[in-house]
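Beneath this line is the structure, given in C-alpha cells, with notes to follow.
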C-alpha cells in the first residue's frame, strides 16, 4: 500500500463531501514578523499592540490576508494538489480576528462539481472554514478550482454549480470584537483619509512596486504550509508550460494589500472578499504594482465610528499603475494585470 | 595579540579535550516560524500547541532536526571552522525535547584523532552535548570531521579511533516526557499510516521536490549561528574547488525530513540518528528529492501506544526518486545522491 | 484629492518642524529570530536570556543596530522618500535597551536646511527620537540627507547648518539599566578579550565575508518597515543611474556589526554612533568584509566592571580586509570601501 499522498483528482470528489484538513497551526509573533519581512505591511492595527489596544482590541491581530493564507494552505493537500488553476473566490467572510497564540485548523465541504467538456478536467466548488482553538470561525469562504481527472474514464458527476453572491452583504460583515475607532490616531496610522473622504468611483494609484525573488515567495508559501508543487520544484516546472516555478496567488494578494497601504492606509480590516481572479501567473523577478477603485460605500449598522468601503484592487506586473491598467472594451484585462480583487474593508469614519 | 579567532587546526586538538562552546541561544517562536518558512515542515506535533497538548506535551516542541542544527551550530567555531569535510555522525541521541523559551548551549569532548597519511589533514572525532537552561541534556552525538593542519610540521598525535555503535539501541531511545499517543488524531496529522502499517524493506518515494535558493540556505545557516565560511562568502568560494558557496549539510537533512512527511507523516519524533553521510555537496539552484526505506521496526518498552521505525532516507539533487536512486554493486551511491541518513523515529502504533 | 503619499520634497521642510512618524511597531521574538537569520549575529547578550540575566538584564535585549533600524525605518516615509542620498549620522545615542514586547515609535525635528547650489536638491538635517510604549527614549540621533526639490522654483530657505559633535562624549553614554558585568562569562561570549586588552590604534581584520542576496536585503528592509523605493522596485531602478536595486545602508551596518564579532566579541552594546558614511552603494551579489580600528578608550564613570571603546569599522565589498583598505593620502576611501562607521561600544573590563 503506498504511503504517499497523491492528492485528490476530480473523480475523487463527491457533492456534500466533508473534509477535515490536516496540520493545525499555532500562529505566533514569529509568523507576524515573517509576514512583515515578506511584504512590509504597515497597517498600524497589525503592527503595534499599543495601537490595537487603543482601538479596543486585546493586542495586534494578524493581518487578515495572513489568516486567509493560513486557512487556505491547509486545504491544498486535499483540494488543489492536482489543480490546474485556482479559478475564483466568493463569499469570503472574515468572522473573527486571529491573535498570536491562536491555533488555526480548516475544514471543507464540496458544494459543486462540473466536469469540463474536454473530459480531462473538472471544476470543484469548495466551501472552507477556518476555526481557532476554541472552535470559533475565523474565516468562511468559497473557492473553485479546475482539477485534473486521474482516470479519464471515470464517469462525470451530475453537474451542480452553487449559487454564489456577487458580493457579501454589508449586513454580513463582521466587526472585530471590541473594536472601537473613537480613539483612532490617523497620524500614527500614517493616513489622514477616513471613510468619509473616499468617493465611489475614485481611483488610486498605489505608486509603489515590489520585485519578487524566488526565495521570497517560497518562504511565504512554506510559512503557510501550502504544499502545491508548482511553487517549489524547478525540475518539475522546467517541463511545464511556463518552464518556471509559479508564484502562489495568495502571495500576490498579500503584496497587493501591502502596496495598497499607500492610499488606503486606514483600511484596517478586510471584512470580506467578494470575488477575485488571478488573471495571469507571476514568476520570480516580476515587479508587482497595484491600483484601486472605490466600488461602493456603506455604513456599518450599529457602528457610527466606522464605515465599509468596497474596493477593487488591480495588481499588475512590471507595469506602474498611473494609467490604471484595466479591462478593455472586449472585457479582457490588460496584459499587465495579474490580480483583480473585489473586497470590503472597514475604515474609521 | 590578534583578536580574531581563526578556528582550531588538527594539531590544536588533544584527546580528551573538553570544549565549552560559545553563544548560548534562547530559541523562540520566531525560530519555529523561520524553520517552517525555510522547510515547510508539516508534522502536526511541531505545528500546533493544541495537537501537542492532546498528546501529553506542554506545547509544540521544536522539530528535532531544528534542535540538532542549533546544537551543531555552536560547535562549528571550535571544531570545524577549518574542516575540509564533515565525514559522519554516530550515536545521535535526542534526549529531551526543546520548547520555545528554552536556552540551548553546547559542549564537546575530543574522543578520537587520526592524522591522514598525506600529513596535511586529520580526522577529529567529537562527542557533543546540547543542554537546556536547566542543564538537561537535549542532544548527545558523535561526529567526525576532516580538519586541515595549520602547521604541516606539527607531529601526528597517537591514533585513537573510538568504537561507535552502528545503530543506537532501541533501549537507548528516549520517549519525550509526557508523550502519550492514545489520543493521536491521524486525520489532523495528515497520514493514516501508523507504525503497524510499515514493513521492513518497504520503500517510499516522497515525491515532492524543493529547489534551494542561495538566500534560503544562508538564512537557515545563520539562524543556527553556524559560522562555517564556505556557506556565506562567494569571494572566498570563487577560488575553491567548486567555485560556489556550499550548502550546510544540516539544511539538506532538514529539507529531507520535511519532504519525508509525504509518506512518513506520523514519524513525530526523530529519536536517534544512527549514522549519516553527506554523499555529495549541494549548491544554490539544486532541487532536493528524497526516498526512504524501512530498515527495522521495534517495540518501545513500556509504551504500547507507539513503536520505533528505523528509517534510511536518501536525498538526491535534481533527480526524482520514483526509481529509488541508490548504491550500485560497487557500493558507490548514484551520482544524484547527496544525503544518506539512518535514523530511528517514534510513531503511534 | 490624491490619497497617495508622495513623501516630502526639500521645499516641504521648515526649520523647527516637528514630525510624528507613523506605524508604531511592537518588536517581538519573531524580529529577533529574523535578525539572526539575516545577519548571523552572535553577541551572547542578544542571543540568550540566560546570559543577559546573568549580567543583570531582564532578558536578552535587541541588538542595538536592530533598534536603530526600526527607529530609522519609521522616519523614511516623511524624511527620505525622495532622498538622493543619506549623507551622514551624528550624535546617535542609544538611551535605553529595547526588549521583545516593547513598542517603538519615532518622532523627528528638522534642525537644519541648506539648499544646494544646483537649485535642484537640498540637505535636510533631522534629529529623530525613538521611544518605547512608556515614552522612554531608546534612541536619539541626527542624520542629514540630500532631498530632491519637487518644485525647482520654490525659494531656498535660509541656510541653517546645526553644530554637531564630532563624537558623543563619554559622559553622555548610557549604560543599560541593571547591567553588571561582574559575572560576565567570556567563554560563553566567545571571546577572551576584554576592554583592557585593546590598545588605541590597534587594527583588527574581521576575516569573515558575507555575500548579500536580493531577497535578504529586501526581507530586512521590509522588516524595518522602511519604505524607500530604491530598495524594492527593479522596474523603477532599471532607469536609475545604477540600473539596480540599492541596498539599505542599515543593512550594511548590521552586517558589519555581525562580522565584527570575530575580533570584538565582547562589544556587547553599541552605546553611541559618533558618525558614519555610506561611502559607496551596495547591490545584490556583493560580498561584505570589515575591519576595525580602536580610536579611543575610556573608563565609564561609576562602572568599574566595564569600559568604552571608540571603534571605527570600515566595511568593504568584494575585498578581504587583511590589508585594511582605507583612505588614501588624498583623503578618499579605497574603491572597495562601502561603510565608514565611528562608534562607542561598551565592553567588560
Original post:
What are the nm distances, shortest first, from residue B:334 to its equivalents in the other copies, labels at 7 Å along Cα→Cβ?
Top reply: 4.9, 4.9
Subject >> the range B:143-183 versus the range C:137-164: alpha-carbon centroid distance in Å >> reply: 61 Å
**OP:** For the range B:16-67 and the range A:247-324, write down the distance between their C-alpha centroids in whole Å.
**Re:** 36 Å
Original post:
For A:306, A:347, what's the fewest-to-most ordering of other Cβ within 10 Å of each Cβ?
Top reply: A:306, A:347
Original post:
Expressed as an acute angle from 0 to 90° and rounded to the nearest 10, what is the orientation of the C-alpha long axis of helix C:214-223 relative to the principal long axis of chain C?
Top reply: 90 degrees
Original post:
Taking only Cα atoms, what is the 0 to 90° angle, nearest 10, from helix B:249-259's long axis to the longest principal axis of chain B?
Top reply: 10 degrees
**OP:** Using only Cα atoms, tell me the angle between helix C:29-39 and the longest principal axis of chain C; keep it within 0 to 90° and round to the nearest 10.
**Re:** 90 degrees
Original post:
Based only on the alpha carbon positions, what is the Kirkwood hydrodynamic radius of the range B:8-150, in angstrom?
Top reply: 16.2 Å
**OP:** Taking a label point 7 Å out from Cα toward Cβ, give me the nm distances from residue B:159 to the same spot in the other copies, shortest first, one decimal.
**Re:** 7.8, 7.8
Original post:
If you rank B:104, A:129, B:247 by fewest surrounding Cβ atoms within 10 Å, what's the result?
Top reply: A:129, B:104, B:247
Original post:
So what's the Cα pair-distance distribution over the range B:192-349, bin width 10 Å, in %?
Top reply: 11, 37, 31, 16, 4, 0
Original post:
What are the distances, in nm and sorted shortest first, from the label point of residue C:20 to the label points of the same position in each other copy, with each label point placed 7 Å from Cα along the Cα-to-Cβ direction?
Top reply: 5.0, 5.0
**OP:** Please order A:26, B:50 by the number of other Cβ within 10 Å, starting at the fewest.
**Re:** B:50, A:26
Subject >> chain A - Rg (one decimal) and Dmax (whole number), Cα, Å >> reply: 19.8, 63
Original post:
Any idea what % of Cα-Cα pairs in the protein assembly as shown are farther than 57 Å?
Top reply: 11 percent
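Where a number appears in this text, it was derived from the coordinates with a stated rule and is not lab data. Fair warning: this is a prediction, and the values are worked out from it, not measured in the lab. Note that each Cβ is placed from the backbone with ideal geometry, even for glycine, and that neighbours are counted across all protein chains shown.
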